[in-house]
Amino acid sequence: MSAVLSRRRLTTLAMFGLTAHVALLSMPMGTVQAQGMKPIQEPITGNEELGDLSQPQQALAQFYRAFSDEVAIDNPLGGIRRGADEPHKMYEGVFKSPADVHVEFWDYTIHRAGDVFWAVGRERGTYLDGEIVKNLSVRTTRIFQLIDGRWRQMHHHGSIEDAKLLSDYQSVVRSPTPKTLK
């Protein structure tokens, strides 16, 4: 049994990061707060007004500024990447691609345990495949830690369940013809 527990512990550490793991295990389950059991349907688009940076919703709205040095992401386009500069490199490739990707985070719940919160939801959006606009659907989990009064993203995982959609999306985004950023 100890081998099973060790494997589970290693899997948990890899998935959530050491900080989130320690925070979650050191708190009684009664201290974990969910924002509500009903998922929030109002999308986060990144165009929100900047407000109180200590609030989880602001961390989600500031997605690209929220990464910490210890961030780890698992993305259908870039695989697993670690370190603060890695997500930016991957997303720069997405934004320079001819796919013209637009997504928003929606249908999510926020859960908090002390200085750690995680958001579980979906991204919906569109991308261009030549002249054709196609829909995009991604299951997404993001984990943040409060560091020096500001939420820093520690982990991001996105999954595209539809294998054909994933393949088509990867092909378009990885196209050798980059677009010029505005």
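Below are the figures for this structure:
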| item | result |
| --- | --- |
| Conditions (1) surrounded by 15 or more Cβ atoms within 10 Å (Cβ to Cβ); (2) in contact (Cβ under 8 Å) with a residue 40 or more places away in the chain; (3) more than 22 Å from ASP52 (Cα to Cα): number failed by ARG174 | (1) |
| Any hit, the stretch 122-131, residues being closer than 25 Å to SER54 by Cα and in contact with a strand residue (DSSP E or B) (Cβ under 7 Å, 6 or more places away or on another chain) | yes |
| Residue list for the stretch 41-77, restricted to those being of a type in the set (Phe, Trp, Tyr), open to solvent by less than 30 Å² (accessible area, probe 1.4 Å) and under 30 Å from ILE132 (Cβ atoms) | PHE63 |
| Of all residues in the stretch 78-107 being among the charged types (D, E, K, R) and open to solvent by less than 60 Å² (accessible area, probe 1.4 Å), the one that is modelled with the highest pLDDT | ASP107 |
| Evaluation of MET1 against (1) of a type outside the set (Lys, Arg); (2) modelled with pLDDT of 80 or more; (3) over 22 Å from TRP151 (Cβ atoms) (one fails), failing number | (2) |
| Test result for GLU49, free of Cβ contacts under 8 Å to residues at least 40 places away in the same chain and over 19 Å from THR140 (Cα atoms) | yes |
| Enumeration of residues in the stretch 130-167 that are part of a helix (DSSP H, G or I) and open to solvent by less than 40 Å² (accessible area, probe 1.4 Å) | LEU165 |
| Test result for ASP52, more than 30 Å from PRO176 (Cα to Cα), charged (D, E, K, R) and within 16 Å of the chain's Cα centre (by Cα) | no |
| Filtered residue count, the stretch 108-129, keeping only those that are of a type in the set (A, V, I, L, M), out of contact with any Asp or Glu (no Cβ under 6 Å at 6 or more places or on another chain) and open to solvent by 30 Å² or more (accessible area, probe 1.4 Å) | 1 |
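The values are calculated or read from the model by the stated rules, or taken from the named source; none is laboratory data. Because the structure is a prediction, the values reported are computed rather than measured. Reconstructed Cβ throughout: ideal geometry from the backbone, glycine too, with neighbour counts over all protein chains shown. With ligands, DNA and RNA removed, areas are computed over all heavy atoms of the protein, side chains included. Shrake-Rupley method; radii C 1.70, N 1.55, O 1.52, S 1.80 Å.
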